[in-house]
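Here the structure comes first, spelled out in C-alpha coordinates, and everything after it is commentary.
The values are calculated or read from the model by the stated rules, or taken from the named source; none is laboratory data. Remember, it's a predicted structure, so these values are computed and weren't measured experimentally. Note: ideal-geometry Cβ built from the backbone for every residue, glycine included; neighbour counts use all protein chains shown. The accessibility values were calculated without ligands, DNA or RNA, using every heavy atom of the protein model including side chains. Shrake-Rupley method; radii C 1.70, N 1.55, O 1.52, S 1.80 Å.
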Amino acid sequence: DTAVSQTPKYLVTQMGNDKSIKCEQNLGHDTMYWYKQDSKKFLKIMFSYNNKELIINETVPNRFSPKSPDKAHLNLHINSLELGDSAVYFCASSQAGAPHTQYFGPGTRLTVL
Amino acid sequence: QKEVEQNSGPLSVPEGAIASLNCTYSDRGSQSFFWYRQYSGKSPELIMSIYSNGDKEDGRFTAQLNKASQYVSLLIRDSQPSDSATYLCAVSNTGNQFYFGTGTSLTVIP
(Lines give C-alpha, C1' and ligand atoms only; values in the text may rest on other atoms or scores of the structure.)
Protein backbone atom coordinates (compact mmCIF):
# COMPACT_ATOMS: atom_id res chain seq x y z
CA ASP A 1 0.00 0.00 0.00
CA THR A 2 1.22 3.47 -0.86
CA ALA A 3 1.92 5.49 2.29
CA VAL A 4 1.87 9.01 0.84
CA SER A 5 0.37 9.46 -2.61
CA GLN A 6 0.13 12.48 -4.87
CA THR A 7 -1.77 13.19 -8.05
CA PRO A 8 -0.97 14.00 -10.71
CA LYS A 9 2.64 12.85 -11.12
CA TYR A 10 3.21 15.24 -14.01
CA LEU A 11 1.45 18.51 -14.74
CA VAL A 12 2.15 20.65 -17.79
CA THR A 13 0.18 23.84 -18.13
CA GLN A 14 0.21 27.34 -19.54
CA MET A 15 1.05 30.51 -17.66
CA GLY A 16 -1.95 32.08 -16.02
CA ASN A 17 -3.84 28.84 -15.49
CA ASP A 18 -5.07 27.54 -12.13
CA LYS A 19 -4.17 24.00 -11.07
CA SER A 20 -4.44 21.72 -8.06
CA ILE A 21 -2.27 18.93 -6.69
CA LYS A 22 -3.75 16.37 -4.33
CA CYS A 23 -2.05 14.48 -1.51
CA GLU A 24 -3.24 11.64 0.69
CA GLN A 25 -1.51 9.69 3.44
CA ASN A 26 -2.67 6.42 4.99
CA LEU A 27 -0.12 6.37 7.80
CA GLY A 28 -2.42 7.90 10.40
CA HIS A 29 -0.05 10.85 10.76
CA ASP A 30 -1.21 14.14 12.26
CA THR A 31 0.99 16.50 10.28
CA MET A 32 1.28 17.06 6.55
CA TYR A 33 3.58 19.29 4.53
CA TRP A 34 4.10 20.75 1.09
CA TYR A 35 7.64 21.26 -0.17
CA LYS A 36 8.96 22.78 -3.38
CA GLN A 37 12.16 21.43 -4.91
CA ASP A 38 13.71 23.63 -7.54
CA SER A 39 16.06 22.72 -10.37
CA LYS A 40 19.04 23.00 -8.02
CA LYS A 41 17.52 20.34 -5.78
CA PHE A 42 16.86 22.78 -2.94
CA LEU A 43 13.94 21.44 -0.91
CA LYS A 44 12.02 24.25 0.78
CA ILE A 45 9.00 23.92 3.02
CA MET A 46 5.93 25.84 1.93
CA PHE A 47 3.17 24.82 4.33
CA SER A 48 2.52 22.51 7.24
CA TYR A 49 -0.82 21.39 8.64
CA ASN A 50 -1.46 19.65 11.94
CA ASN A 51 -4.86 18.02 12.29
CA LYS A 52 -6.28 20.19 9.51
CA GLU A 53 -4.90 23.41 11.00
CA LEU A 54 -2.24 25.52 9.33
CA ILE A 55 0.86 25.69 11.52
CA ILE A 56 3.59 26.75 9.11
CA ASN A 57 3.15 29.18 6.28
CA GLU A 58 6.47 30.17 4.84
CA THR A 59 6.93 33.15 2.59
CA VAL A 60 4.95 31.84 -0.31
CA PRO A 61 2.92 33.94 -2.80
CA ASN A 62 -0.74 34.02 -1.89
CA ARG A 63 -1.43 32.42 -5.28
CA PHE A 64 -0.66 29.18 -3.42
CA SER A 65 -3.49 28.02 -1.18
CA PRO A 66 -3.39 24.77 0.76
CA LYS A 67 -6.56 23.03 1.83
CA SER A 68 -6.90 20.18 4.30
CA PRO A 69 -10.37 18.60 4.27
CA ASP A 70 -9.27 16.06 6.87
CA LYS A 71 -5.98 15.06 8.48
CA ALA A 72 -5.29 12.44 5.79
CA HIS A 73 -5.48 14.91 2.91
CA LEU A 74 -3.64 18.10 2.05
CA ASN A 75 -4.23 19.63 -1.35
CA LEU A 76 -2.40 22.51 -2.97
CA HIS A 77 -4.17 24.94 -5.28
CA ILE A 78 -2.14 27.35 -7.38
CA ASN A 79 -3.72 30.36 -9.09
CA SER A 80 -2.32 32.32 -12.01
CA LEU A 81 0.64 30.02 -12.61
CA GLU A 82 3.97 31.63 -13.44
CA LEU A 83 7.10 30.27 -15.14
CA GLY A 84 8.93 30.36 -11.81
CA ASP A 85 6.43 27.94 -10.32
CA SER A 86 7.95 25.14 -12.40
CA ALA A 87 9.42 22.68 -9.92
CA VAL A 88 8.77 19.36 -8.24
CA TYR A 89 6.27 19.61 -5.41
CA PHE A 90 6.49 17.02 -2.65
CA CYS A 91 3.88 16.24 -0.08
CA ALA A 92 5.07 14.69 3.20
CA SER A 93 3.61 13.56 6.48
CA SER A 94 4.83 12.88 9.99
CA GLN A 95 3.56 12.20 13.48
CA ALA A 96 3.15 15.34 15.58
CA GLY A 97 5.68 15.98 18.32
CA ALA A 98 9.43 15.61 18.32
CA PRO A 99 11.45 13.76 17.40
CA HIS A 100 9.66 12.85 14.26
CA THR A 101 10.50 11.88 10.74
CA GLN A 102 8.83 12.71 7.50
CA TYR A 103 7.64 10.39 4.79
CA PHE A 104 7.52 11.86 1.31
CA GLY A 105 5.14 11.30 -1.54
CA PRO A 106 6.46 10.57 -5.05
CA GLY A 107 6.33 14.21 -6.11
CA THR A 108 4.47 16.17 -8.77
CA ARG A 109 6.59 17.67 -11.54
CA LEU A 110 4.94 20.93 -12.55
CA THR A 111 6.01 22.57 -15.80
CA VAL A 112 4.62 25.98 -16.64
CA LEU A 113 4.99 26.97 -20.30
CA GLN B 1 21.27 33.21 5.45
CA LYS B 2 21.17 29.47 4.87
CA GLU B 3 20.11 27.41 7.86
CA VAL B 4 21.69 24.19 6.61
CA GLU B 5 24.75 24.02 4.39
CA GLN B 6 26.24 21.14 2.46
CA ASN B 7 28.88 20.89 -0.22
CA SER B 8 26.98 20.29 -3.43
CA GLY B 9 29.68 18.04 -4.81
CA PRO B 10 29.76 16.04 -6.91
CA LEU B 11 31.63 13.68 -4.65
CA SER B 12 33.12 10.65 -6.38
CA VAL B 13 34.48 7.62 -4.57
CA PRO B 14 35.55 4.21 -5.85
CA GLU B 15 33.47 1.17 -4.99
CA GLY B 16 34.37 -0.20 -1.57
CA ALA B 17 35.71 3.12 -0.26
CA ILE B 18 34.29 5.26 2.55
CA ALA B 19 32.17 8.22 1.46
CA SER B 20 32.08 11.14 3.88
CA LEU B 21 29.27 13.70 3.65
CA ASN B 22 29.22 16.84 5.78
CA CYS B 23 26.59 19.30 6.93
CA THR B 24 26.61 22.41 9.11
CA TYR B 25 23.63 24.22 10.57
CA SER B 26 23.08 27.68 12.02
CA ASP B 27 20.28 27.23 14.61
CA ARG B 28 21.78 26.21 17.97
CA GLY B 29 18.29 25.25 19.12
CA SER B 30 18.13 22.41 16.61
CA GLN B 31 17.22 19.13 18.24
CA SER B 32 16.86 16.53 15.53
CA PHE B 33 19.06 15.72 12.58
CA PHE B 34 18.35 13.58 9.57
CA TRP B 35 19.98 12.25 6.44
CA TYR B 36 17.79 11.60 3.44
CA ARG B 37 18.80 9.89 0.21
CA GLN B 38 17.24 11.00 -3.06
CA TYR B 39 17.73 9.09 -6.27
CA SER B 40 17.32 11.05 -9.48
CA GLY B 41 13.64 11.59 -10.23
CA LYS B 42 12.53 10.06 -6.93
CA SER B 43 11.39 11.39 -3.58
CA PRO B 44 13.68 11.74 -0.54
CA GLU B 45 13.81 8.71 1.76
CA LEU B 46 15.04 8.74 5.32
CA ILE B 47 18.20 6.72 5.94
CA MET B 48 19.45 7.97 9.32
CA SER B 49 18.33 10.12 12.22
CA ILE B 50 20.42 11.29 15.16
CA TYR B 51 19.46 13.31 18.21
CA SER B 52 22.43 13.31 20.61
CA ASN B 53 26.13 13.99 20.30
CA GLY B 54 28.30 11.15 19.13
CA ASP B 55 28.04 8.41 16.57
CA LYS B 56 25.09 6.32 15.51
CA GLU B 57 25.64 3.29 13.32
CA ASP B 58 23.14 1.46 11.12
CA GLY B 59 24.65 -1.14 8.83
CA ARG B 60 27.10 0.56 6.47
CA PHE B 61 25.92 4.02 7.56
CA THR B 62 27.26 6.05 10.48
CA ALA B 63 25.88 9.45 11.44
CA GLN B 64 28.03 11.73 13.58
CA LEU B 65 26.71 14.74 15.50
CA ASN B 66 28.65 17.51 17.20
CA LYS B 67 26.24 20.12 18.55
CA ALA B 68 29.02 22.35 19.88
CA SER B 69 30.43 22.68 16.37
CA GLN B 70 26.95 22.57 14.80
CA TYR B 71 28.10 19.83 12.53
CA VAL B 72 26.58 16.55 11.40
CA SER B 73 28.11 14.05 9.03
CA LEU B 74 27.28 10.79 7.32
CA LEU B 75 29.82 8.09 6.61
CA ILE B 76 29.04 5.32 4.13
CA ARG B 77 31.39 2.35 4.44
CA ASP B 78 32.02 -0.11 1.62
CA SER B 79 30.34 2.23 -0.85
CA GLN B 80 28.32 0.55 -3.59
CA PRO B 81 27.23 1.90 -6.99
CA SER B 82 23.67 1.73 -5.66
CA ASP B 83 24.64 4.40 -3.11
CA SER B 84 25.00 6.90 -5.96
CA ALA B 85 22.39 9.55 -5.19
CA THR B 86 21.94 13.00 -3.70
CA TYR B 87 22.13 13.07 0.10
CA LEU B 88 20.10 15.70 1.89
CA CYS B 89 20.82 16.84 5.41
CA ALA B 90 17.78 18.01 7.39
CA VAL B 91 17.59 19.76 10.73
CA SER B 92 14.58 20.28 12.96
CA ASN B 93 13.92 22.36 16.03
CA THR B 94 11.36 21.54 18.71
CA GLY B 95 8.53 22.50 16.40
CA ASN B 96 7.48 21.04 13.11
CA GLN B 97 9.93 23.10 11.07
CA PHE B 98 12.39 21.22 8.93
CA TYR B 99 15.29 22.85 7.13
CA PHE B 100 16.98 20.95 4.33
CA GLY B 101 20.40 21.50 2.86
CA THR B 102 20.86 21.66 -0.89
CA GLY B 103 22.24 18.15 -0.95
CA THR B 104 25.51 16.49 -1.89
CA SER B 105 25.64 14.45 -5.07
CA LEU B 106 27.53 11.20 -4.56
CA THR B 107 28.80 8.97 -7.36
CA VAL B 108 30.30 5.57 -6.54
CA ILE B 109 32.52 4.41 -9.37
CA PRO B 110 32.54 0.64 -10.04
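Put a plus charge on the Cβ of each Lys and Arg, a minus charge on the Cβ of each Asp and Glu, and nothing anywhere else: the dipole of the range B:37-110 about its Cα centre is then about 120 debye. Computed over protein heavy atoms with a 1.4 Å probe, the carbon and sulfur contribution to the accessible area of the protein assembly as shown reaches 48%. Tell me, what is the per residue accessible area of chain B in Å², probe radius 1.4 Å? With the other protein chains kept in place, chain B gives 46 Å² per residue. What separates the Cα centres of the range B:1-70 and the range A:35-68 is a distance of 23 Å. Take every pair of alpha-carbon atoms less than 8 Å apart whose residues are at least six positions apart; their mean separation over the length of chain B yields a relative contact order of 38 percent. Solvent exposure of chain A amounts to 49 Å² per residue of accessible area, where only protein heavy atoms count and the probe is 1.4 Å. Comparing the full protein assembly with the isolated chain, the residues of the range B:61-110 losing at least 30 square angstrom of accessible surface (1.4 Å probe) are B:Asn96, B:Gln97, B:Phe98, B:Phe100, B:Thr102. Accessible surface of B:Asp58, taken over heavy atoms with a 1.4 Å probe and every protein chain present, rounds to 90 Å². Think of the protein assembly as shown as having a plus end and a minus end, set by charges on the Cβ of Lys, Arg, Asp and Glu; of B:Asn7, B:Cys23, A:Ser86, A:Ser86 sits farthest toward the positive end of this dipole. Computed over the Cα atoms of chain A, pair by distinct pair, the Kirkwood hydrodynamic radius stands at 14.0 angstrom. Here the protein assembly as shown is assigned +1 on the Cβ of each Lys and Arg and -1 on the Cβ of each Asp and Glu. Its dipole about the Cα centre then comes out at about 320 debye.
With a 1.4 angstrom probe, the accessible area lost at the B-A interface totals about 1700 Å². With the largest listed first and rounded to whole Å, the semi-axes of the equivalent ellipsoid of chain B from the Cα gyration tensor are 23, 15, 12. For the pair B:Glu15 and A:Asp18, what calculated FRET efficiency results from E = 1/(1 + (r/R0)^6), where r is the Cβ-Cβ distance and R0 = 35 Å, to the nearest 0.05? For A:Asp18 and B:Glu15, the calculated efficiency is 0.10.
Cβ-Cβ distance of A:Tyr10 and B:Asn22, R₀ of 35 Å, FRET efficiency by 1/(1 + (r/R0)^6): the value works out to about 0.55. Taking the charge dipole of chain A about its Cα centre, with +1 at Lys and Arg Cβ atoms and -1 at Asp and Glu Cβ atoms, the residue from A:Thr111, A:Leu43, A:Ser20 reaching farthest to the positive side is A:Thr111.
For the range A:12-105, lysine pairs separated by 8 or more sequence positions, or belonging to different chains, with Cα-Cα distances below 26 Å total 24. Each Cα pair under 8 Å and six or more residues apart adds its sequence gap; the mean of these over the residue count of the range A:1-64 is a relative contact order of 22 percent. Computed from backbone phi with θ = phi - 60° and the Karplus coefficients 6.51, -1.76 and 1.60, the 3J(HN,Hα) list for the range B:63-68 is 9, 10, 10, 9, 5, 5 Hz; x is used for glycine and proline. Taking the Cα centre of the range A:1-107 as reference, the dipole from Cβ charges on Lys and Arg (+1) and Asp and Glu (-1) amounts to some 180 debye. Residue order by solvent-accessible surface for B:Ser92, A:Ser68, B:Ser12 is B:Ser12, A:Ser68, B:Ser92, largest first, with ligands and nucleic acids left out and a 1.4 Å probe.
Every pair of different Cα atoms in the range B:13-75 enters the Kirkwood calculation, which places the hydrodynamic radius at 12.7 Å.
For the range A:25-108, the relative contact order works out to 32 percent when only alpha carbon pairs closer than 8 Å and six or more residues apart are counted.
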